[in-house]
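Q: Handing you this structure, nothing more for now.
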Amino acid sequence: MTLEGPRATFRSMDEGTAADWQAIGSHFFPYAAGLADRVLAHLKLLDGDYGGFPIDRLQHSLQTATRAHRAGESEPYVVMALLHDIGDTLGSYNHPDIAAAIIKPFVDEKLHWITEKHGIFQGYYFFHYLGLDRDMREAFRGHPHFEDTARFCELYDQAAFDSSYDSAPLDFFEPMVRRVFARPVNSIYMATAESG
């Protein structure tokens, strides 16, 4: 998406002026407003990608979020559950890091940590079949969010491969994604994200 309008004139950032950054800001905020659309579009790339699993990755994401929603989890939690594997397409070897980076500005530290560490915690259920240490998560024992992450994996993530489960469709979650992504609560690019 290209917006018409003023552009900065510097050749290197150390030449930048307030007017340059005002021009950049006039593009940034409209572009940032479309983030939910881009996230939802990227999530749809998981449709039809089974990777050997009983259901495709989009259905796994929908089922994880549906289970969290039906259990009464908060809206940011449900959105985290929906997006926890969104990094599968670009981060085949580190998908939790990709998902965690995407949601970090919009959720609290606990939900960010759950997202970032869920791959290690999920490994409890299958790492031993791959010759890996299923107890790798024990390195984090004692962390304030250890139990929350173990709970996420036990109740929602590892359980969400049931082809007969009645998951809510993506359009059910779309308003939630839009609300959560409408306002950052933690970003170095916002002077006061809470007061904006």
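The values are calculated or read from the model by the stated rules, or taken from the named source; none is laboratory data. Given the structure is predicted, the values throughout are model-derived calculations rather than measurements. Virtual Cβ from ideal backbone geometry, glycine too; neighbours counted across all protein chains shown. SASA here: full protein model, heavy atoms, side chains in, ligands and nucleic acids out. Shrake-Rupley method; radii C 1.70, N 1.55, O 1.52, S 1.80 Å.
Q: Applying 1/(1 + (r/R0)^6) with R0 = 35 Å to the Cβ-Cβ distance of Ser163 and Asp37, what FRET efficiency is obtained, to the nearest 0.05?
A: E between Ser163 and Asp37, to the nearest 0.05, is 0.75.
Q: Would you please name the trypsin sites (Lys or Arg not before Pro) within segment 1-73 that are DSSP coil residues with at most 15 other C-beta atoms within 10 Å of their C-beta?
A: Answer by residue number: Arg7, Arg11.
Q: When the chain is fully extended, how far beyond the present Cα-Cα distance does Met13 get from Tyr93, taking 0.36 nm per residue of separation?
A: Contour length minus Cα-Cα distance gives 25.4 nm.
Q: Turning to a different aspect of this structure: Rounded to the nearest 20 Debye, what is the dipole magnitude of segment 76-178 about its Cα centre when Lys and Arg each give +1 and Asp and Glu each give -1 at the C-beta?
A: Its charge dipole is roughly 220 debye.
Q: Then there's this: With the contact rule set at Cα under 8 Å and sequence spacing of 6 or more, what percent relative contact order holds for the chain?
A: The value is 21 percent.
Q: If the chain between Asp49 and Gln22 were fully stretched, how many nm would it gain, using 0.36 nm times the residue separation less the Cα-Cα distance?
A: 5.5 nm
Q: Over its Cα atoms, what ratio of radius of gyration to 2.2 N^0.38 Å does the chain give?
A: 1.16
Q: Hey, got a sec? Which chymotrypsin sites (Phe, Trp or Tyr not before Pro) in segment 68-177 land in a DSSP loop and have at most 12 other Cβ atoms within 10 Å?
A: Listed in order of number, the matching sites are Tyr93, Phe126.
Q: Ok, one more. Any number yet on Rg/Rh for segment 1-83, C-alpha, Kirkwood?
A: 1.23
Q: Still on this structure, please answer the following. Given the DSSP H assignment, sum -39500 (n - 2.57) over each helix run of at least 4 residues in the chain and divide by its residue total; what's the result at 222 nm in deg cm²/dmol, nearest 500?
A: -14000 deg cm²/dmol
Q: Heavy atoms of the protein only, probe of 1.4 Å, neighbouring chains included. What is the accessible area of Met136 in Å², nearest 10?
A: Answer for Met136: close to 80 Å² accessible.
Q: Keeping every protein chain present and rolling a 1.4 Å probe, give me the accessible area per residue for the chain in Å².
A: Per-residue accessible area for the chain comes out at 57 Å².
Q: Restricting attention to segment 101-196, which GluC sites (Glu not before Pro) occupy a DSSP loop and are surrounded by at most 10 other Cβ atoms within 10 Å?
A: Within segment 101-196, the qualifying GluC sites (Glu not before Pro) (loop, at most 10 other Cβ atoms within 10 Å) are Glu194.
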